[in-house]
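Undergrad: The structure follows.
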Amino acid sequence: MLNIISKIALSLLFLIYSINGNSKSQVHLISKKHNEDNNIEKVEALSDLCWNLRERSKDSSLIYGIKAINLADSLGYYKQKAKVCNYVGVVYMHYIKDVKAAIPYYHDALEAAYRVNDTLQIGYAYNNLGDAFYLIGNIPLALKYGKNSLHYFQQLNNKRGLAYSYINLGLAYRKDHKYDLSIKFFKQAISLRKEIEDSIGIASAHYEIGVSYFEKNDLDKACRYFQESIILHKKLDNKMYIALSLNGIADVLFEKGDYKKALTNYYESLKYNREGNHKEGIIQNKLGIALIYSLIGKRAQGKEQLQEAIQQAKKLGYSSNILISYKTSAKFYENIGDFESASKSYKRYLSVYDSLYSVQQFEALIEMENRFNISQKLNEINQHLEQRRRDALYLTIILTLVVGVVLILLWRFIVIRRLSNQLRQINDSKDKLFSIISHDLKAPFNSMLGFSSLMVKELEHTDNDRIKKYSRYIDQMSTQTVELINNLTSWSRSQRGLIKLSKTEFNLSELIEKIVDLNRSNTSKKGIEIKNTVKSDMIVRADKDILRTIITNLITNAIKFTGKDGLIKIKAIKQKDQIKISIRDNGVGIQKNDIKKLFSVKDNFTTIGTNNEQGTGLGLIICKEFTEMHGGNIEVLSEPNMGSEFIVTLPL
């Protein structure tokens, strides 16, 4: 922002001084523009160094890339920033093998590209994200981002980008066991790469088709494509893909029972992989060799190859390699009749599999989706602000030409301060943009909650304990999600100043009774008793809807942290010109050091309930903000294992 305003102000000075014949100022401004052009050229040079050094020196490549990003960011040169962010992500993902480190750079590339509507870099950022999520085993996101990249490259008719998208979609669909669709995309990639004369891409696509046919169990076609891949890659002297294709042929021969030829191909592939230090290929080779040794009576040699492969897979860290290593280990021990070791290997396989594809994986996917939606919204807001700034600056130019240099400097100071505050507030509040999408989520999750409750009731008498367990889990997660959405909506509206106090007089006891009735299903599950000791004729003056939200969150919180057959007491006392509303439970209580974290957005403190209920940490924050809107305060009295008391004090 400062750079833009500075440029406009300097341009104005140039115009005014040129009218007065001040040639010295003209020289100064021309020199400044020259320095800026040099900086842009420096960004582009650093970007080229990052990309060109990626194979020879990964560390140097990253150093130059990060320098280019920082300089481009300081200049507001978002087009080049998007490009070099994609470069740095690729270096992390494919050369350093750190996929998690690459993903934030792809998101930065996407954000920068959206700022300047650079559809080419948007397409590459989506393509790279699809590739990243494929590598970590998140196939739904890999497919989603792959389709997004395809959409942008189709708009541009960019054949190279389209070929990349086809390859990534082919990989994701193969992982999803949709082999015909996978082969279709790989063949489309070959057609495009022939048009652009990309011999490396053509050769690698032949290998991928071979893998797809192998997994489809069409062994003859798989072998043919592997052989074609070897011929093409030998012309290119690409040892990694020669090794991969040899391993593919070995897999085919293994399935056909020709163990001797299969072993020869595995060892030949291993030789190429060792020359290129291709660790994933070495893992594949050793697993194949181990299985053959298990079938031809070489147990000791087989175990040695198997253990080396497993250790290498763990060290490399890719979940797909770890899974296939444990699965192969189980098969190895079955082949040699060691069923106890086979069972242990299967358990390890299932443990890794569950950790990758459990409900937590689904939640991580949703969180990533939401985070990206928020990023897109933030980009839209920034674009609107950018347009507003331009309009204000154009008007200011006209006014400045009339009133002179003094008003230019005064206006510049005021605008910089105002817009800096706006940008700071937007940066501090970006997480609050969850509220923008919360309304669109409410309807489907409320429907899900209704159906899940019915499902729990319908399945209560079934003998299948797993189905009952999962139905209760779905019901619990739906309830928690609806609670999160409601809290996010309330918090977002309060942060944006959309909630206005509307005080009326009403019966406090009746309000509390209605809230208690709404929570009957939750209290009955735990056998919790709620005692409302508020006088039936107690009248208060406050915003009824806001007070309902405060009390509802506190009662829900008390239920969550109160154990079976517990007790919750609600009372209210008028003292002089204020009223104190107390909600006390005999639950698990709170550690003294944790009490101060309860109402802090920064700490985002939350714990698990007595029935494993998940919390968001927003409920108590909303209670504090809504209480302070009334001019009141909230305090907590608690000791571990002795329960907690929340006291809301409101002025009358």
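Undergrad: Exposure proxy check: VAL588, VAL648 ranked by fewest other beta carbons within 10 Å?
TA: VAL588, VAL648
Undergrad: Mean separation of Cα pairs under 8 Å and 6+ residues apart, divided by the residue count of region 94-159: what relative contact order is that in percent?
TA: 30
Undergrad: Compute the relative contact order of region 35-117 as a whole-number percentage, counting only Cα pairs closer than 8 Å that sit 6 or more residues apart in sequence.
TA: RCO, region 35-117: 26 percent.
Undergrad: Volume per residue, Å³, of the convex hull around the alpha-carbon atoms of region 278-355? Walk me through the intermediate numbers first.
TA: On the way: hull volume 5.2 nm³, N = 78.
Once divided by residue count, the hull of region 278-355 is 66 Å³.
Undergrad: Take SER294, SER638, SER149, SER245 and order them by how many other Cβ atoms sit within 10 Å, fewest up front. Intermediate results must be reported in sequence, preceding the final value.
TA: Working: SER294 24, SER638 21, SER149 27, SER245 30.
Sorted ascending by nearby Cβ count, the order is SER638, SER294, SER149, SER245.
Undergrad: Then there's this: Name the shape class, rounded, prolate or oblate, that the alpha-carbon gyration tensor gives for region 115-265, where a ≥ b ≥ c are the square roots of its eigenvalues, rounded holds for a/c under 1.5, and otherwise prolate holds if a/b is larger than b/c and oblate otherwise. Could you put the intermediate results ahead of the total?
TA: On the way: a/c = 2.51, a/b = 1.78, b/c = 1.41.
Verdict is prolate for region 115-265.
Undergrad: Shifting gears a bit: Would you mind checking the pairs LYS256/LYS327; LYS42/LYS81; LYS525/LYS624; LYS144/LYS175; LYS261/LYS331; LYS286/LYS347 and listing those with alpha carbons more than 18 angstrom apart?
TA: In this structure, LYS256/LYS327; LYS525/LYS624; LYS261/LYS331; LYS286/LYS347 lie more than 18 Å apart at Cα.
Undergrad: Provide THR606, THR400, THR523, THR552 in ascending order of the number of other Cβ atoms located within 10 Å of each residue's Cβ, fewest first. Please list the in-between numbers first.
TA: Numbers: THR606 15, THR400 24, THR523 18, THR552 21.
Final ranking by Cβ density, sparse to dense: THR606, THR523, THR552, THR400.
Undergrad: Taking the Cβ of VAL91 as the centre, find all other residues whose Cβ is under 11 Å away and add up their charges (Lys, Arg: +1; Asp, Glu: -1).
TA: My count for the surroundings of VAL91 gives 0.
Undergrad: Follow-up question, since we're still on this one. Can you tell me the relative contact order of region 278-355? Whole percent, Cα pairs under 8 Å, sequence separation 6 or more.
TA: Worked out over region 278-355, it gives 28 percent.
Bear in mind these aren't lab numbers, they're just calculated from the coordinates by the rules spelled out. These numbers were taken from a predicted model, which means no experiment stands behind them. A quick note on method: Cβ atoms are made from the backbone with ideal geometry, for glycine too, and the neighbour counts reach across all protein chains shown.
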